[in-house]
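K.L.:
Pasting a structure here, questions to come.
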There are 6 protein chains.
Amino acid sequence: MAASAILFITLALLNSIRISLAFDPHPLQDICVAPTLGLDTYFLTTTSTCKDPKLVTADDFYMTGLNRPGPINPYGVTFTLASVATTPGFNTQGQTSLYSELAPNGIFPPHIHLRASEITYVIEGSVEVGFVTSFPDYKYYSKVIKRGDVFIFQVGLVHIVRNVARGKKSVTISSLNSQNPGIIFLPDSYQTYED
Amino acid sequence: MAASAILFITLALLNSIRISLAFDPHPLQDICVAPTLGLDTYFLTTTSTCKDPKLVTADDFYMTGLNRPGPINPYGVTFTLASVATTPGFNTQGQTSLYSELAPNGIFPPHIHLRASEITYVIEGSVEVGFVTSFPDYKYYSKVIKRGDVFIFQVGLVHIVRNVARGKKSVTISSLNSQNPGIIFLPDSYQTYED
Amino acid sequence: MAASAILFITLALLNSIRISLAFDPHPLQDICVAPTLGLDTYFLTTTSTCKDPKLVTADDFYMTGLNRPGPINPYGVTFTLASVATTPGFNTQGQTSLYSELAPNGIFPPHIHLRASEITYVIEGSVEVGFVTSFPDYKYYSKVIKRGDVFIFQVGLVHIVRNVARGKKSVTISSLNSQNPGIIFLPDSYQTYED
Amino acid sequence: MAASAILFITLALLNSIRISLAFDPHPLQDICVAPTLGLDTYFLTTTSTCKDPKLVTADDFYMTGLNRPGPINPYGVTFTLASVATTPGFNTQGQTSLYSELAPNGIFPPHIHLRASEITYVIEGSVEVGFVTSFPDYKYYSKVIKRGDVFIFQVGLVHIVRNVARGKKSVTISSLNSQNPGIIFLPDSYQTYED
Amino acid sequence: MAASAILFITLALLNSIRISLAFDPHPLQDICVAPTLGLDTYFLTTTSTCKDPKLVTADDFYMTGLNRPGPINPYGVTFTLASVATTPGFNTQGQTSLYSELAPNGIFPPHIHLRASEITYVIEGSVEVGFVTSFPDYKYYSKVIKRGDVFIFQVGLVHIVRNVARGKKSVTISSLNSQNPGIIFLPDSYQTYED
Amino acid sequence: MAASAILFITLALLNSIRISLAFDPHPLQDICVAPTLGLDTYFLTTTSTCKDPKLVTADDFYMTGLNRPGPINPYGVTFTLASVATTPGFNTQGQTSLYSELAPNGIFPPHIHLRASEITYVIEGSVEVGFVTSFPDYKYYSKVIKRGDVFIFQVGLVHIVRNVARGKKSVTISSLNSQNPGIIFLPDSYQTYED
């Protein structure tokens, strides 16, 4: 049997499985930095293995330029994530950060984070925030918040954020208490059933 | 027996106990806003009771002016918290927000959050951040981070934040993934044993 | 002060708060039957108090006639729940049962259970089942299952059940691993934002 | 060194360990289907690795013929399980289903599920169900339930199910809220100490 | 309406419910000492309320004389517990201690702790320890341990401890990682079904 | 490509990652003994893999000579641990045992266990025990306990143990409810920042 075939089999075996992490908080170690060698995004957000502590550096706990916006999407918003995918030291620590800029009239359409509550802090401008409780009440709570204010979206509930600053962008930073909060945009999910 | 005596006994009985909440995440309800009627701060940060849903309003999920700094303490820092004590809708959602301003050379001296990891985002200026692992390694990881950067402090470890912006204040916002993270400043705790 | 006023105040005080239960599984007692005296549905589904063990009977763990269907709703389905609201002994045990009958072409439209996975067993007929993963993939998994088959819907994901038995009803029973799974029907939630 | 020796060492190394999953609910991913390639039953019921999402199909969440009874055991009962061993998509979802047929006078003798409460629904016939609390009370709760009824056995307590339909079989389906509930039949466990 | 009647109703209302605690570890407070005013043993072992912190003293975290044996039972053993029932400061801390003395040939017959693993340390003498895994393997692991040794019983499994010191007593101390471990002695539980 | 190179790559790949365990209690298996083949201490205290059950023996659950003291440290104390590092069967069972001997005037200086409460039982002599609550109260609770007494240190709080037996050693055994409690000695941690 050829040596390269063995290598292929071994790597294929390692590649066909993905490690899961069953729970967010209270890790059993001081640090458990996610390994990054040849792993895809899916693996990174859910790893239960740790990088060799001897190879860990301060950079593993750090991300620069979270406030660098990407291209504006069709809804008029742009967002950047600091997560275990960008910062392997987030692994097992149960948190994700989300930086957003909303163009005038930009909106995050109705969506859900399956695994996290979300606190939004307004850095600049002002936004309308709102969420809806579940069946059978579907009660809607909403508020306009401005620079220096915070609002909390309850875990698992449908919510929106809309820029209401006249002709200006608004900027927010959000904290989500899961390593992998998950997002379901209702319009996108709906379309799946219509296709 | 006098009616007022009964009222007194009843209230005393209710007053002599405090409700605990055993765990942070994954509440069993959509919302469980903390009740505020005549309860002290201790109770508020740890309640396992919910306000009558019919009385809940959007204001229960909201705090204005988190960015309004209070007086500078002897270490040259000031901080404000958004927590269940300020915003009863934080109850059962497993999060606290911390807004800080550090005067030139201001420092958060070595301290621990017992029940939360902490992600710090720099809004303005630049800070040195660092944390130490536990016995027997006590390895120190540190970094200077500036506007737009984030750094994560691992849950339960001793850490510091120091303003390194020359002659200017620095401003940060931190997310902690517990409703009651807890703080132990090592200098203060030490002094207890010396007294 | 009048005695009746004291009674009123005491009851009002007890009535203005609701007890929460922070987590589903692993209770600290053998049994913790939910108390039923004068409490509303909301309280019952989320209680953290237990009935006096001396008053508990076998009936507290029992529900008769889960298979008795109610009126058919506009979507052509009817469902009955066995939960802590019908059976107080479900309290702290982390489960809910759902019995459904679907008329010909009846459908449970896209919906989410925030706090539970769901296993559906077909008692009679045949149904199409399907669920969609979250952003950004929105991958759809679907299957037709018939009498004696089971299918599992992953916790928190949007899913549907549709009767595909020609001209006949289908009957299913589902298990959900939370005391209060929560339901969000996407059409209903959507409408909230349009109103 | 021979290539086949390397393959042997690598496989032996992979084979000598088994992956554990520390907790039932609240997975960090939408789906984490158990991998099946060359793994034994033990591994399957406890995996913390996930199948490559690209290889996952709807069949991974499905089991046909749960209602196909096997041979009757000495106690006059037969049961089939839908679990992560039959349906890899059950992995991390915290549930197992149990289909049972009891011959006339058939009985599940006193047994315990270490890690799950159990809800039993009667599809056909009627059964006596009962459970006993722990030391020092050992209080016994029992009930006869029939077609369409449910009964809940509290997690970790000793319980029985006995067919009381005259001269007919009874059929039940049970939900257990753990991926690996565990069973200890008291007669079997006893015998271990007597051997 | 008479004032005493109101008092009666109020107390009856408070008395008819018992507070549950859903989970052992990771309390949200530094301390949550169990209140003791007029509460029965059942309540004490499961409270989710805390004593007013201002009334807490060091004695709340303390028990004297755990090593004072009570009367020997028919199996030739005597045991004392340090738990939330003796030491209210154990509340929410997830632990119980068990001190045992076994007469010559004394035995703890086969039993289960539903909610805790158990580590036994031998202070004096020597004991045979053993436990059995669950269905279908029922594998028995046993060992004789002597002064200064420890052995761990896995959570939820049937186990025994037998004095094997010739003509002498043996003394052990055990730690159980639950505030309310629960005990089921198999002989006692069996007898319930035979009665 | 050389066969030895493949072996090197494979082993390097396996060596560069460490497995984490996200949570202490409630394992999904009866037993999950930590594998020991060529793994370092770090790995052993945090493994999420299990030894092949067929290779497990009673010795995996056992440690002899916990009461054999090592050399006295500068603080006048010596301690031995029974943990997953000495006894692989501790894996997933959420406990660690600590045996200590304190020379006259010996002291465990102020320290924290991040992940466990601690119950100390005095086998011989008498000790002063004390702990401090967190910011802002820093209330100190302390007590002298003697042979046969127990005291509980609340999870995460700074505490000390000091020998107060006149001119004699004291001996204690402690239970900690985590597989990896973690220790931070405040003097050591402090020194890190001064270096």
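The values are calculated or read from the model by the stated rules, or taken from the named source; none is laboratory data. Worth saying up front: this structure is predicted, and the values here are computed from it rather than measured. Cβ placement follows ideal geometry from the backbone for every residue including glycine, while neighbour counts extend to all protein chains displayed. Accessible surface is based on the protein model in full, side chains and every heavy atom, while ligands, DNA and RNA are left aside. Shrake-Rupley method; radii C 1.70, N 1.55, O 1.52, S 1.80 Å.
K.L.:
Could you look through the range E:65-112, keep only residues that are open to solvent by 50 Å² or more (accessible area, probe 1.4 Å) and of a type in the set (Ser, Thr, Tyr), and pick out the one that is farthest from F:Glu118 (Cα to Cα)?
P.N.:
E:Tyr75
K.L.:
Suppose we filter D:Gly167, D:Gly148 for residues that are under 29 Å from C:Ser100 (Cβ atoms) and at pLDDT 95 or above; which single one remains? Give the steps one after another, and end with the answer.
P.N.:
On the way: D:Gly167 fails: under 29 Å from C:Ser100 (Cβ atoms).
Matching residue, one of D:Gly167, D:Gly148: D:Gly148.
K.L.:
Residues of the range A:150-171 being more than 10 Å from chain B (Cβ to nearest Cβ) and either of a type outside the set (A, V, I, L, M) or over 18 Å from A:Glu118 (Cβ atoms) (or both), which ones?
P.N.:
A:His159, A:Arg162, A:Asn163, A:Val164, A:Ala165, A:Arg166, A:Gly167, A:Lys168, A:Lys169, A:Ser170
K.L.:
Scan the range A:155-186 for residues that are outside any loop (DSSP other than H, G, I, E, B) and in contact with a helix residue (DSSP H, G or I) (Cβ under 9 Å, 6 or more places away or on another chain) and jot them down. Quick ask: steps written out before the conclusion?
P.N.:
Looking only at the range A:155-186, we keep the residues that are outside any loop (DSSP other than H, G, I, E, B), and these are A:158-163, A:170-176, A:184-186.
Passing the criteria: A:Val158, A:Ile160, A:Leu186.
K.L.:
Scan the range A:34-56 residue by residue and report those that are at the interface with another protein chain (Cβ under 7 Å from one of its Cβ atoms) and either at pLDDT 90 or above or part of a loop (DSSP other than H, G, I, E, B) (or both).
P.N.:
A:Pro35, A:Leu37, A:Thr46, A:Ser48, A:Asp52
K.L.:
Find the residue count for the range B:80-115, including only residues that are farther than 21 Å from B:Lys51 by Cβ and without any contact (Cβ under 8 Å) to a residue 24 or more places away in the chain.
P.N.:
Residues in the range B:80-115 being farther than 21 Å from B:Lys51 by Cβ and without any contact (Cβ under 8 Å) to a residue 24 or more places away in the chain: 1 in total.
K.L.:
Anything in the range E:155-180 that is open to solvent by 10 Å² or more (accessible area, probe 1.4 Å) and within 19 Å of F:Gln29 (Cβ to Cβ)? List them, or say none.
P.N.:
Residues satisfying the conditions are E:Val155, E:Asn177.
K.L.:
Return the residues of the range F:111-139 that are at pLDDT 95 or above and in contact with a helix residue (DSSP H, G or I) (Cβ under 7 Å, 6 or more places away or on another chain); say none if nothing qualifies.
P.N.:
Answer for the range F:111-139, where residues must be at pLDDT 95 or above and in contact with a helix residue (DSSP H, G or I) (Cβ under 7 Å, 6 or more places away or on another chain): F:His111, F:Val132.
K.L.:
Follow-up. I'd like to check something: does the range C:100-108 contain any residue that is modelled with pLDDT of 95 or more, facing another protein chain (nearest Cβ under 8 Å) and in a strand (DSSP E or B)?
P.N.:
The answer is no, given that none of the residues of the range C:100-108 is modelled with pLDDT of 95 or more, facing another protein chain (nearest Cβ under 8 Å) and in a strand (DSSP E or B).
K.L.:
Does any residue of the range B:126-133 turn out to be without any contact (Cβ under 8 Å) to a residue 40 or more places away in the chain, surrounded by 22 or more Cβ atoms within 10 Å (Cβ to Cβ) and not in a strand (DSSP E or B)?
P.N.:
Within the range B:126-133, one or more residues are without any contact (Cβ under 8 Å) to a residue 40 or more places away in the chain, surrounded by 22 or more Cβ atoms within 10 Å (Cβ to Cβ) and not in a strand (DSSP E or B).
K.L.:
When you go through (1) modelled with pLDDT of 50 or more; (2) crowded, with 20+ Cβ neighbours inside 10 Å; (3) closer than 30 Å to C:Gly94 by Cβ one by one for B:Ala22, which number turns out not to apply?
P.N.:
Unmet for B:Ala22, out of (1) modelled with pLDDT of 50 or more; (2) crowded, with 20+ Cβ neighbours inside 10 Å; (3) closer than 30 Å to C:Gly94 by Cβ: (1).
K.L.:
Right, here's the next one. Would you check if D:Val122 is among the β-branched types (Val, Ile, Thr), farther than 21 Å from C:Asn177 by Cα and assigned to a strand (DSSP E or B)? Walk me through how you get there before you give the answer.
P.N.:
Working: among the β-branched types (Val, Ile, Thr): yes; farther than 21 Å from C:Asn177 by Cα: no; assigned to a strand (DSSP E or B): yes.
Here the answer is no, as D:Val122 does not meet what is asked.
K.L.:
Let me ask something additional. Could you list, in sequence order, all residues of the range A:58-73 that are in contact with an Asp or Glu (Cβ under 8 Å, 6 or more places away or on another chain), within 7 Å of chain B (Cβ to nearest Cβ) and not aromatic (Phe, Trp, Tyr)?
P.N.:
A:Met63, A:Thr64, A:Gly65, A:Leu66
K.L.:
Of all residues in the range D:139-154, which are open to solvent by less than 30 Å² (accessible area, probe 1.4 Å) and either polar (S, T, N, Q) or not in a strand (DSSP E or B) (or both)?
P.N.:
Initial filter on the range D:139-154 (open to solvent by less than 30 Å² (accessible area, probe 1.4 Å)): D:141, D:145, D:148-154.
Correct list: D:Gly148, D:Asp149, D:Gln154.
K.L.:
Given the criterion aliphatic (A, V, I, L, M) and in contact with a Leu (Cβ under 8 Å, 6 or more places away or on another chain), identify the matching residue among E:Val158, E:Val164, E:Val129. Break it down stepwise before answering.
P.N.:
Working: E:Val164 fails: in contact with a Leu (Cβ under 8 Å, 6 or more places away or on another chain); E:Val129 fails: in contact with a Leu (Cβ under 8 Å, 6 or more places away or on another chain).
Being aliphatic (A, V, I, L, M) and in contact with a Leu (Cβ under 8 Å, 6 or more places away or on another chain) holds for just one of E:Val158, E:Val164, E:Val129, which is E:Val158.
One line per residue, one yes/no per condition, for (1) at the interface with chain B (Cβ under 8 Å from one of its Cβ atoms); (2) touching a Ser or Thr at 6+ places or on another chain (Cβ under 6 Å):
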| residue | (1), (2) |
| --- | --- |
| A:Leu98 | no, yes |
| A:Pro110 | no, no |
| A:Tyr121 | yes, no |
| A:Thr133 | yes, no |
| A:Pro136 | no, no |
| A:Gly148 | yes, no |
